[in-house]
Amino acid sequence: MPTFTNANIIYPDHIALGSLSTIGNRITNVTSIIASDADAIDLKGKYLAPGFVELHVHGGDGADFMDLTAEAFRTVCRCHARHGTTTVTPTSTVATTAQYVRFLELCQELTNTDTGGARIIGGHLYGPYFHPPAKGCHPIADFLTPDPIADERLLAFAGCGLTTLTIAPETPGTEQLARAACERGLLVTAGHSYCTFQEVEAAIGWGVRHVDHLFCAMSDRARLRQAQAFPMRAGLLEATLYFDELTTEVIADGWHLSPELLRLAYKSKGPDRLAIVSDSMRAVDRPNGEYWFGAEGNGEKIRRQGDVGVTLDGQGLASGVMGQDHGVRTMWKATAAPLHEVIRMATLTPARILGIDAEVGSLAVGKRADLLVLDATLNVEQVYIGGVNQC
């Protein structure tokens with residue numbers, strides 16, 4: 001039941017010196033008083049932050065969620081806990097229907113269990129409903145056309161293993177799928193799509209509220225002009241920046257997006273509509289070399305090259321290879337935003353997007369004791385998940 005004192009506590013809207021106490025897995029007190037308890041942990045002015053909440057992650061430390069074993073899930077969760085992530089939605093890749101089902105079964109089995117690392121709150125079904133030309137580095141497997149009977153096999157996991165579903169709004173039958181998913185309480189997102197602005201506007205009416213990895217694998221004016229020279233049309237990129245109803249996320253690894261694009265995302269969407277994600281694969285905490293993106297042996301081979309994943313020909317980006325802590329540091333440097341806002345984009349904002357902000361995402365009495373001790377340059381020194389010191 002630790003008490004932390006002399007900490008620079010990062011709140012959603014400011015940073016202040018103070019103390020924080022926990023009992024069990026809950027925060028019981030947050031105060032500006034510097035505790036004098038002899039048993040208190042003196043942080044000597046270091047930052048105390050909420051644990052990071054990860055919307056979009058595929059793997060780490062040699063494992064991928066699509067390896068489809070409980071040990072692979074736990075390996076990924078332990079890996080990302082070392083980087084400050086305390087809550088995670090495992091994210092699938094394009095695979096086969098049988099693999100999607102097994103992925104969701106494992107999400108259901110491991111949700112809210114002790115993984116030895118980040119706590120799983122349900123899975124992100126990512127891949128079945130992509131627009132195939134916008135697949136990016138994903139394998140070529142089962143791109144599903146929405147069908148109420150076939151979809152039921154996957155939607156049956158809603159609320160018990162499935163939290164998030166990504167669709168390409170231009171795919172025929174997607175409206176019925178999106179409405180059915182929203183009725184079951186899922187977060188429905190748009191991604192890997194070459195849809196038009198009008199199709200995004202329609203999708204908002206179906207219940208779509210989030211867009212995956214801004215600027216990546218999405219339509220924009222230039223791409224749509226290849227099919228229609230004039231008048232020029234807006235795509236998913238422009239619609240994401242335009243509609244206040246839509247939240248979005250950035251891969252802030254310093255390679256997917258330049259500093260000016262991170263600045264544009266921050267200025268356009270603001271810290272309450274923009275989340276920091278890693279979108280990372282199994283090469284996190286591993287050396288440079290070739291790795292499988294997706295299932296070992298039948299996913300897609302890519303290469304870790306420094307701090308990013310690239311296709312084997314070196315011509316395209318292929319997932320992230322860094323943790324959320326790296327993304328937070330990169331975003332802070334690129335935008336010069338107030339630190340509490342940068343931290344909010346990795347904590348309270350993704351928690352709100354997922355609808356779990358009553359439990360996690362900020363340091364407040366009654367919330368889970370998911371805590372990070374960060375040094376002055378935002379390196380992770382200690383991680384507490386449910387009040388238990390993980391590293």
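Residues Val308, Val342, ranked from the fewest to the most other C-beta atoms within 10 Å, line up as Val308, Val342.
What is the packing order of peptides 225-234, 27-36, taking the mean over residues of other C-beta atoms within 10 Å and listing the highest first?
Sorting 225-234, 27-36 by mean packing, highest first, produces 27-36, 225-234.
Take 68-75, 289-296 and order them by the average number of nearby Cβ atoms within 10 Å per residue, most first; the result is 289-296, 68-75.
Cα centroids of the stretch 61-85 and the stretch 264-343: 16 Å apart. Secondary structure note: in the stretch 51-358, about 35% of the DSSP beta bridges are antiparallel.
So between Ser32 and Lys44, what do we pick up on full extension, going 0.36 nm a residue minus the alpha carbon distance?
Numbers: separation 12, 0.36 × 12 = 4.32 nm, distance 1.44 nm.
Working it through step by step, the gained length comes to 2.9 nm.
Taking a Cβ cut-off of under 12 Å around Leu374, the surrounding Lys, Arg, Asp and Glu residues balance to a net charge of -1, with basic ones at +1 and acidic ones at -1. Answer rounded, prolate or oblate for the stretch 335-391, using the Cα gyration tensor with square roots of eigenvalues a ≥ b ≥ c: rounded when a/c is under 1.5, else prolate when a/b is larger than b/c, else oblate. Here the stretch 335-391 falls in the oblate category. From the alpha carbon centroid of the stretch 137-213 to that of the stretch 350-391 is 29 Å.
Database remark: amide H of His213 closer than 5 angstrom to the amide H of Glu249 (H placed geometrically; neighbours at sequence offset of 5 or more, or on other chains; Pro and chain starts carry no H).
What does the charge add up to near Asp220, with Lys and Arg as +1, Asp and Glu as -1, over the other residues with Cβ less than 12 Å from its Cβ? Each step should come with its number before you reach the end.
On the way: positive: Arg221, Arg223, Arg225, Arg233; negative: Glu238.
Neighbour charge sum, excluding Asp220 itself: +3.
Around the amide H of Ser280, modelled in the peptide plane, lie the amide H atoms of His58, Gly59, Gly320, all under 5 Å away and 5 or more residues distant in sequence or on another chain. In degrees from 0 to 90, rounded to the nearest 10, what is the angle of the helix 259-269 Cα long axis to the longest principal axis of the chain? Around 90 degrees separate the two axes.
What FRET efficiency comes out for the pair Lys333/Thr97, r = Cβ-Cβ distance, R0 = 35 Å, nearest 0.05? Present the calculation step by step, with values, prior to reporting the outcome.
Working: r = 42 Å, r/R0 = 1.21.
Approximately 0.25, to the nearest 0.05.
Suppose a student asked you for the relative contact order of the stretch 51-358, using Cα pairs under 8 Å spaced at least 6 residues apart; what percent would you report?
On the way: 735 pairs, mean separation 59.2, N = 308.
It comes to 19 percent, rounded to a whole number.
When the listed pairs Lys135/Lys269; Lys44/Lys267; Lys267/Lys367; Lys46/Lys367; Lys301/Lys333; Lys46/Lys333 are checked against a 28 Å cut-off, the alpha-carbon distance exceeds it for Lys44/Lys267; Lys267/Lys367; Lys301/Lys333.
Could you compute the net charge surrounding Cys77? Neighbours are other residues with a C-beta less than 14 Å from the C-beta of Cys77; K and R count +1, D and E count -1. Before the final figure, lay out each step's value.
Values: positive: Arg74, Arg78, Arg82, Arg119, Arg282; negative: Glu54, Asp61, Asp64, Asp67, Glu71, Glu109, Asp114, Asp285, Asp370.
Combined, the nearby Lys, Arg, Asp and Glu give -4.
Which of rounded, prolate or oblate describes the stretch 225-274 when judged by the alpha-carbon gyration tensor and an a/c cut-off of 1.5? It is oblate, given that a/c is not under 1.5 and a/b is not larger than b/c. A Stokes-Einstein calculation at 25 °C with viscosity 0.890 mPa s, built on the Kirkwood radius of the chain over Cα pairs, returns a diffusion coefficient of 117 µm²/s.
Where a number appears in this text, it was derived from the coordinates with a stated rule and is not lab data. Since the structure is predicted, the reported quantities are computational estimates derived from the model, not experimental observations. In this analysis, Cβ positions are derived from the backbone assuming ideal geometry, glycine residues included, and neighbour counts consider all displayed protein chains.
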